[in-house]
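Structure, as structure tokens:
The values are calculated or read from the model by the stated rules, or taken from the named source; none is laboratory data. Keep in mind the model is a prediction, meaning the values are calculated, not measured. Cβ: placed from backbone, ideal geometry, glycine included. Neighbour counts: every protein chain shown.
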Amino acid sequence: MIISNNNKKYLNLEKKHLKYETKNMTPNIRIKWKKAYDYKIVDSENKKYIDFTSGVFTSSIGYNNNHLKKIIKEAMDKGFNHSYHYYNEYREKYVSKLIKFINSPKLKKCFLTSAGTEATETAIKLARIYGSSINKNKLGIITIKGNWHGRTMGSQMLAGKNEASKWIGFFDKNIYQIDFPYPWHKNSYNKSFFHNSLKKTFKKKF
Ligand SMILES: Cc1ncc(COP(=O)(O)O)c(C=O)c1O
């Protein structure tokens with residue numbers, strides 16, 4: 001989405017907003033929500049939009065979900081918060097349903113986090129702990145070029161050396177990046193594309 005344009009009204013709104021929030025989190029200043037339901041947003045000028053950002057944080061659950069509102073209200077009324085220190089009926093139900101839903105003989109446990117980037121950091125940690133338990137030098141992690149994994153340090157390293165990860169100041173030499181068969185790469189959806197990506201990154205044949 002284009003955030004800045006030359007329209008004075010929006011430039012002024014953006015300026016006002018940037019007084020309190022950092023530039024990297026600037027929202028689409030042209031759409032100020034009035035209300036939202038299902039997958040639709042209505043802005044302060046009563047324009048309707050279909051929200052294609054679903055997937056960020058919890059937005060994939062849809063807006064104004066009556067079932068969810070009922071459960072959240074019920075939990076709030078009982079004084080619950082989401083701290084992981086405490087066991088409660090909602091947590092108990094959620095984790096058992098989640099594992100049943102995943103239905104995998106290998107994925108039998110979950111680790112609840114509050115953001116995608118925290119989940120990514122956990123994946124890095126797990127991969128490293130598992131790899132080094134086999135061989136202490138087995139530290140390599142392969143990621144895919146052009147991806148986004150979140151705003152924390154490990155996640156930004158997985159996204160590769162780019163503008164967003166410059167601030168880190170160093171790069172973990174055990175994190176590798178390979179090409180991905182995005183639709184704009186011609187004839188890329190095959191094994192040889194994958195093998196060539198590995199060859200390019202690791203400078204050896206696969
Ligand atoms: C593919 C992907 N991974 C990870 C994240 C990070 O999630 P969060 O913003 O909840 O930390 C995002 C967020 O946009 C994402 O799109």
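Observations on the structure shown:
- Residue selected from the stretch 98-120 under the condition surrounded by 13 or more Cβ atoms within 10 Å (Cβ to Cβ) and among the small types (Gly, Ala, Ser), by the criterion farthest from the ligand (Cβ to nearest atom): 119
- Flag for residue 48 being within 16 Å of the ligand (Cβ to nearest atom) and at pLDDT 95 or above: no
- Hits in the stretch 36-46 - residues which are more than 26 Å from residue 19 (Cβ to Cβ) and in contact (Cβ under 8 Å) with a residue 12 or more places away in the chain: 37, 38, 39, 40, 46
- Selection of the stretch 122-137 for residues being among the charged types (D, E, K, R) and exposed (fewer than 11 other Cβ atoms within 10 Å of the Cβ) yields only 136.
- Index of the failed condition, residue 140 passing every other in (1) farther than 27 Å from residue 184 by Cβ; (2) surrounded by 13 or more Cβ atoms within 10 Å (Cβ to Cβ); (3) not assigned by TED's automatic domain parsing to the domain that holds residue 194: (3)
- Residues in the stretch 136-194 that are within 14 Å of the ligand (Cβ to nearest atom), more than 21 Å from residue 204 (Cα to Cα), not in a helix (DSSP H, G or I) and not β-branched (Val, Ile, Thr): 146, 147, 148, 149, 150, 151, 159.
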